[in-house]
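Peer 1: Supplied in structure tokens, the structure appears directly below.
A short reminder: the numbers here are calculations on the coordinates, not readings from a lab. None of the values given here were measured: they were computed from a predicted structure. A quick note on method: Cβ atoms are made from the backbone with ideal geometry, for glycine too, and the neighbour counts reach across all protein chains shown.
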Amino acid sequence: MDKLKLIENVDTIFTADSQGRELANAYVLVSGGVIAEIGEGPYTGRVPDEIYDGRDMVMIPGLINTHHHLYQTLFRNFKGVNSAKLFDWLTALYDRWAKVGEEAIYTSTVIGTAELLLSGATTTSDHLYLFPGGNNQLFDAEIEAARQVGIRFHPTRGSMSLSREDGGLPPKEVVQTEDEILAEYERVIDEYHEGGKFSMLRVALSPCSPFSVSDELMKETAELGRRKGVRLHTHLGETEDENQFCLEQFGLRPVDYMEELGWIGGDVWFAHLVHLSDDEIDRLSDAHVGMSHCPSSNMRLGSGIAPVTRMKETEIDISFGVDGSASNDGSNMIKELRQGLLLQRVKYGPEALTPREVLQFGTTGGARVLGREEEIGSIEPGKAADLVMVDLNRLEYAGGLSDPVSALIMCDTKGVDFTMVDGEVLVKGGRLVDEGLLDFIPKQNAIAQRFYSE
Ligand SMILES: [Zn+2]
């Protein structure tokens, strides 16, 4: 029989279910990685094997991060490019990225996913588009690392095929031939993608961006992804530079270009979507496209403010992404929600987004974007036991408890106190249960130092 784990006396549970239910003085019973029962008051059923105290805690569903480049944790706060625009920032770093190997990928994945767990994320996507010298094993290395950490993982196999010589941005050391890319897409799906319920690992395909691969590869990627039943992901509409580039190169704006390539659909999610016309928003809505909103990255690079407040009235599925650490410098998921709320208010006023709305985007929104709304993203019986709790006795909430759920977003939440993924407790008392993961900090610093001293 599966072990029963009980979390009891929880001050408030924000379930994120379709009725927006919030339970007071409540419990959650977990069996075999799945939520078996929730309720208010004391639990009275079969004696559990393990009991966790939720006193003075707010529980939310595990947050779902839908855009990251974990390897970039090695390049955060990189001296000399802290004030660069996207294209300049990319051009400055591509040459360093050409030296990234398996140890760097493994280490940076452990670091980034550990940060995510400590900030309330239980599922993360990653966009790895860098395979210097044709080193395809980097994808395998990040999967191994995410397994060690225990996070639910959606790695996306990226690609770059257009080098500077062919009109793209990256140098030739980091691009691959299209045949090799397509063969690798197929290999990693066959080897790693688990389509079943409560899967801990699903693969998606993700050419880096319209300015780093050919139109042919974009089309073939979409065809292969649909044949194999995996989702598609890329960056889109991030900067005005990108609009200019697409108009000059293809005679089309980015959304038109993607439409021509078969890339507008319910199985696609785009990171950013900052620079869109009203008509483009409506077309993305008609197609039920997913969005990963990355407010810190957009602020850090000065890219602009995505029209989330306008998009929330449409059928576009909205989720949050911390984005690569080199354009955010942190992988703090719960802070990203707060950033999103604040940034929308800069443009649309104080009623733009509420704390509960951003919590919804960060949970059920993410689940929909990844095609997993039946399994994760809310606290309901039958859903995966991906649960997060924050202690209301934290310094940053003192005096701010008139609405505990809202405090998680409005006050300056620095991290979470309890994270359970697939029924396994990975963060307890605000610390990683596997303290050995902290040994990766000096390792990561040594690798990063090699990059910036070269
Ligand atoms: Zn990105």
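Peer 1: Using the count of nearby Cβ atoms within 10 Å as a rough guide to exposure, how do 129, 192 rank from fewest to most? Spell out each step's value before the answer.
Peer 2: Values: 129 24, 192 16.
Starting with the residue having the fewest Cβ neighbours, the order is 192, 129.
Peer 1: For n ≥ 4 DSSP H runs only, could you compute -39500 (n - 2.57) per run for the chain, divide by its residues and tell me the 222 nm figure to the nearest 500?
Peer 2: On the way: 15 runs with 155 residues, N = 454.
Roughly -10000 deg cm²/dmol at 222 nm, from the helical runs in the chain.
Peer 1: Also, I was wondering about something else. Label residue 428 and residue 17 with points 7 Å out from Cα along Cα→Cβ: what is the distance between them in nm?
Peer 2: Label-label distance for residue 428 and residue 17, simple model: 2.8 nm.
Peer 1: Okay, moving on. By how many degrees, 0 to 90 and rounded to 10, does the Cα axis of helix 240-250 deviate from the longest principal axis of the chain?
Peer 2: 40 degrees
Peer 1: Can you bin every Cα-Cα distance in the chain into 10 Å intervals starting at zero and give me the percent of pairs per bin, rounded to whole numbers?
Peer 2: 4, 22, 33, 26, 12, 3, 0
Peer 1: How high is the relative contact order of the chain, in percent, with contacts defined as C-alpha pairs under 8 Å that are six or more residues apart? Spell out each step's value before the answer.
Peer 2: Numbers: 1009 pairs, mean separation 94.0, N = 454.
Relative contact order, the chain: 21 percent.
Peer 1: Follow-up question, since we're still on this one. State, to one decimal in nm, how far the label point of residue 226 lies from the label point of residue 92, with both points 7 Å from Cα in the Cβ direction.
Peer 2: With each label placed 7 Å out from Cα toward Cβ, I get 4.1 nm.
Peer 1: At residue 412 and residue 393, where each label point lies 7 Å from the Cα along Cα→Cβ, what is the point-to-point distance in nanometres?
Peer 2: Once both label points are built, they end up 2.2 nm from each other.
Peer 1: In what sequence do 83, 296, 214, 319 fall when counting other Cβ within 10 Å, fewest first?
Peer 2: Working: 83 10, 296 24, 214 16, 319 28.
Ascending Cβ contact count within 10 Å gives the list 83, 214, 296, 319.
Peer 1: Cut-off 19 Å, label point 7 angstrom out along Cα-to-Cβ of residue 137: give me the residues of region 83-107 whose amide nitrogen falls inside.
Peer 2: 98-107
Peer 1: Next question, about the same structure. Report, in degrees rounded to the nearest 10, the 0 to 90 angle that the Cα long axis of helix 178-192 makes with the longest principal axis of the chain.
Peer 2: The angle comes out near 20 degrees.
Peer 1: At R0 = 60 Å, how high is the FRET efficiency between residue 1 and residue 279 if r is their beta carbon distance? Nearest 0.05 is fine. Kindly include the intermediate steps, with their values, before the conclusion.
Peer 2: Values: r = 57 Å, r/R0 = 0.94.
Taking R0 as 60 Å, the efficiency between residue 1 and residue 279 is 0.60.
Peer 1: Determine which residues of region 243-271 fall in the zone a paramagnetic label at residue 215 would reach in this model, i.e. backbone nitrogen under 19 Å from the point 7 Å along Cα→Cβ.
Peer 2: In region 243-271, the label zone of residue 215 (backbone N under 19 Å from the point 7 Å along Cα→Cβ) covers 243-265.
Peer 1: Tally Lys and Arg at +1 and Asp and Glu at -1 over the other residues with C-beta under 14 Å from the C-beta of residue 155: what net charge comes out? Walk me through the intermediate numbers first.
Peer 2: Numbers: positive: 147, 152, 157, 187, 202, 231; negative: 126, 140, 142, 144, 184, 191, 194.
Every neighbour counted, the sum reads -1.
Peer 1: Further, regarding this structure: Suppose we keep just the DSSP beta bridges with both residues in the chain; what percent of those would be antiparallel, to 5? Walk me through the numbers on the way to the answer.
Peer 2: Values: 29 of 64 bridges.
Just about 45 percent of them are antiparallel.
Peer 1: With N set to the residue count of region 316-385, report its C-alpha Rg divided by 2.2 N^0.38 Å to two decimal places.
Peer 2: 1.20
Peer 1: Give, in nm to one decimal, the length gained when the segment between residue 315 and residue 247 is fully stretched (0.36 nm per residue of separation minus the Cα-Cα distance).
Peer 2: Details: separation 68, 0.36 × 68 = 24.48 nm, distance 2.69 nm.
Full extension of this stretch gives 21.8 nm more.
Peer 1: Listing 79, 85 from the residue with the fewest other Cβ atoms within 10 Å to the one with the most, what is the order? Could the numbers behind the result be given before it?
Peer 2: Values: 79 6, 85 14.
Result, fewest neighbours first: 79, 85.
Peer 1: What relative contact order, as a whole-number percentage, does region 68-208 give when Cα pairs under 8 Å and 6 or more residues apart are counted? Intermediate values should be presented prior to the final figure.
Peer 2: Values: 210 pairs, mean separation 34.8, N = 141.
It rounds to 25 percent for region 68-208.
Peer 1: My understanding is that a pair violates if its Cα-Cα distance is over 31 Å; which of 197/312; 79/443; 99/312 do that in this structure? Walk me through the intermediate numbers first.
Peer 2: Details: 197/312 28 Å; 79/443 19 Å; 99/312 41 Å.
From the list (197/312; 79/443; 99/312), the Cα-Cα distance tops 31 Å for 99/312.
Peer 1: Stokes-Einstein diffusion coefficient for region 300-356 at 20 °C in a medium of 1.002 mPa s, Rh from the Kirkwood formula over Cα pairs: what value in µm²/s?
Peer 2: Numbers: Rh = 12.2 Å.
My calculation gives 175 µm²/s for D.
Peer 1: Right, here's the next one. Given R₀ = 41 Å, FRET efficiency for residue 49-residue 201 by Cβ-Cβ distance, to 0.05? Mind showing how you got there, number by number?
Peer 2: Numbers: r = 27 Å, r/R0 = 0.65.
It comes out at approximately 0.95.
Peer 1: Separate question: When the Cα centres of region 417-444 and region 374-410 are compared, how far apart do they sit, in Å?
Peer 2: 18 Å
Peer 1: Between residue 24 and residue 240, what length in nm is gained on full extension when 0.36 nm per residue of separation is reduced by their alpha carbon distance?
Peer 2: On the way: separation 216, 0.36 × 216 = 77.76 nm, distance 4.68 nm.
Taking residue 24 through residue 240 to full extension adds about 73.1 nm, to one decimal.
Peer 1: To the nearest Å, what is the center-to-center distance of region 269-322 and region 120-150, using C-alpha atoms only?
Peer 2: 25 Å
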